[in-house]
Structures are given as structure tokens and as C-alpha cells.
Amino acid sequence: MGAEKVYLRPITAEDTTKVVAWRNKDFVRKNFIYQKPFTEEGHMTWFREQVETGHVAQFIICVAASEGCREKNGGAENYGSEDVQSSTEKVCKTDEEGFYREVGSVYLRDIDREAGTAEYGVFIGEEDALGRGYGTKAAKLMLAYGFEKLGLNKIFLRFLEDNTGAKKSYEKAGFQMIEGRRETVNLVQGKKAVFFMETERGMWESTRRLRMENV
């Protein structure tokens, strides 16, 4: 992985144009089961009905410069490599101002607080940010958020059979294959198998310190 620090900030309605542009890029869309083009109207419906209601927790992935982001008390919660923040706001400036660059988004969807479960998803929307370990670092931060902040017991994900790079990233973050569980979907590219991975709170807690190093 690169030495750059990764931070997550809560998604806002102002991110709509950027997120839709990322999600519609061919190298992003081909790895999703839902491959129809995104629209700003559709994303805003998702934001209002899912994110704002708490059914989805979605963040923007920020890659910080080596000096990191400044901090100040109060404000919205942001998640960084030091720990799950509770009272510190990371004031991340735009990349033009030299503090960070936004490269993608990460989320927990279908959050079931009674069952303690959610589905994980991520995409890197800047092509030159692929293969640099940002997705793995974001996954670790999101697992910390899900287990330590939301109190979840299990987080699972799905990936298409040919997305081998994502599988390796998920394994590094702490997910394990669910043996014997798979589905088949019909996509533009033809039929593809969908595989499942998961991780549980106990597994995360036992390996947290090691996994969160150098995030």
C-alpha cells in the first residue's frame, strides 16, 4: 500500500455530480451488478430515502497528503487512521489547496440494526487512483465504523467473478469467502457468477490492531 493516509467524510447532497460521474465510468460500472447509467435525480432519491434515513451510511474517500488534515473540535464525524473519531472534525481542504484528493466512495447499505447486519460496497472513481491500496484502507475504516460505531455484528459483500483485484483487497481488509454461496446474474457482458464474502465483529476485534496499522 501507499504511504498516503486515507480519511472518510460523510457524503452530502453537494457530492451528487461527482459521485454520478464516478459511478458512470466504464471501469467502475463493469464491476457492479447494477450497470444502468446513474442520474443525478436517481442519486438524490437514494440520498434522501436511504442515506438521510439511516438505511445507508455513505462516505467520500479522501486521500490526504503526508502532513494530513488539520483538526478542530466539534462538527461532523470523520474517520481516520488514528481511531474512530468521536469529537474531532478533520478539516480536509481540496486537492488544489494541497491537503487531500477525493477519489471514490464507500458505503454500508441495507443496515439492519436489529439483526446487526449490513452490506458493504466501494468504488474508486479516479482511474489513476486504482491499485494503490486506497480501497483496502477505506474498507478497514468502514469496518471500524460499522462494528464500533453502528454496533453491527456481521458485514457482507458481493463481487463479480472476474473482479479478482477487489477480492484480494477485501481479503486484506478482513473479509473471508462464504464457501458454497454464489449466484448468477445476466449482464451486458453475459452471465457472470456473484460470490459472497463476510466478516464478523469477533473476527474484527481480534485482528483490529494489526489491520489498522498504516491505514
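The values are calculated or read from the model by the stated rules, or taken from the named source; none is laboratory data. These numbers were taken from a predicted model, which means no experiment stands behind them. Heads up, the Cβs are rebuilt from the backbone with ideal geometry, glycines too, and the neighbour counts pull from every protein chain shown.
Residue-wise test of (1) out of contact with any His (no Cβ under 6 Å at 6 or more places or on another chain); (2) surrounded by 21 or more Cβ atoms within 10 Å (Cβ to Cβ); (3) more than 25 Å from Ala21 (Cα to Cα); (4) at pLDDT 90 or above.
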residue: Lys137; (1), (2), (3), (4): yes, yes, no, yes
residue: Phe147; (1), (2), (3), (4): yes, yes, yes, yes
residue: Ser169; (1), (2), (3), (4): yes, yes, no, yes
residue: Met197; (1), (2), (3), (4): yes, yes, yes, yes
residue: Met203; (1), (2), (3), (4): yes, no, yes, no
residue: Leu210; (1), (2), (3), (4): yes, no, yes, no
request  = Six or more apart or on different chains, Cβ under 6 Å: which pairs go from a residue in the range 186-197 that's under 11 Å from Leu160 (Cα atoms) to one that's surrounded by 10 or more Cβ atoms within 10 Å (Cβ to Cβ) and among the charged types (D, E, K, R)? Could you list them?
outcome  = Lys192/Glu161; Ala193/Glu161; Ala193/Arg182; Val194/Arg158; Val194/Glu183; Phe195/Arg182; Phe196/Arg158; Phe196/Arg181
query = Just one of Gly190, Gly151 is surrounded by fewer than 15 Cβ atoms within 10 Å (Cβ to Cβ) and either under 27 Å from Glu4 (Cα atoms) or at pLDDT below 90 (or both); which is it?
reply = Gly190
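Helices (runs of 4 or more DSSP H) wholly in the range 1-95 with at least 3 residues that are at pLDDT 95 or above and closer than 22 Å to Leu141 by Cβ - which ones? Lay out the reasoning, then the answer.
Values: elements: 16-23, 26-29, 40-46.
Per the criteria, 16-23.
Every residue in the range 125-155 that is part of a loop (DSSP other than H, G, I, E, B) and of a type in the set (D, E, K, R), please.
Within the range 125-155, the subset part of a loop (DSSP other than H, G, I, E, B) is 125-126, 130-133, 150-153.
Of everything in the range 125-155, those that are part of a loop (DSSP other than H, G, I, E, B) and of a type in the set (D, E, K, R) turn out to be Glu126, Arg132.
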key: Hey, Phe159 part of a strand (DSSP E or B), in contact with a helix residue (DSSP H, G or I) (Cβ under 6 Å, 6 or more places away or on another chain) and surrounded by 13 or more Cβ atoms within 10 Å (Cβ to Cβ) or not   = yes
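Confirm whether Val20 is aliphatic (A, V, I, L, M) and more than 20 Å from Glu161 (Cα to Cα). Don't jump to the end; show me each part of the working.
On the way: aliphatic (A, V, I, L, M): yes; more than 20 Å from Glu161 (Cα to Cα): yes.
In short, yes.
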key: Residues of the range 140-175 satisfying the condition of being in contact with a strand residue (DSSP E or B) (Cβ under 6 Å, 6 or more places away or on another chain), among the aliphatic types (A, V, I, L, M) and closer than 11 Å to Leu108 by Cβ   = Met142, Leu152, Ile155, Leu157
ask   = How about the range 1-34: which of its residues are loosely packed, with under 14 Cβ neighbours inside 10 Å and either hydroxyl-bearing (Ser, Thr, Tyr) or touching a Pro at 6+ places or on another chain (Cβ under 6 Å) (or both)?
value = Thr12, Thr17, Tyr34
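Sort through Val122, Val103 and tell me the only one that's touching a residue at least 12 places away in the same chain (Cβ under 8 Å), part of a strand (DSSP E or B) and more than 26 Å from Met203 (Cα to Cα). So that I can check it myself, show each step before the final result.
Values: Val122 fails: more than 26 Å from Met203 (Cα to Cα).
Unique residue meeting the criteria: Val103.
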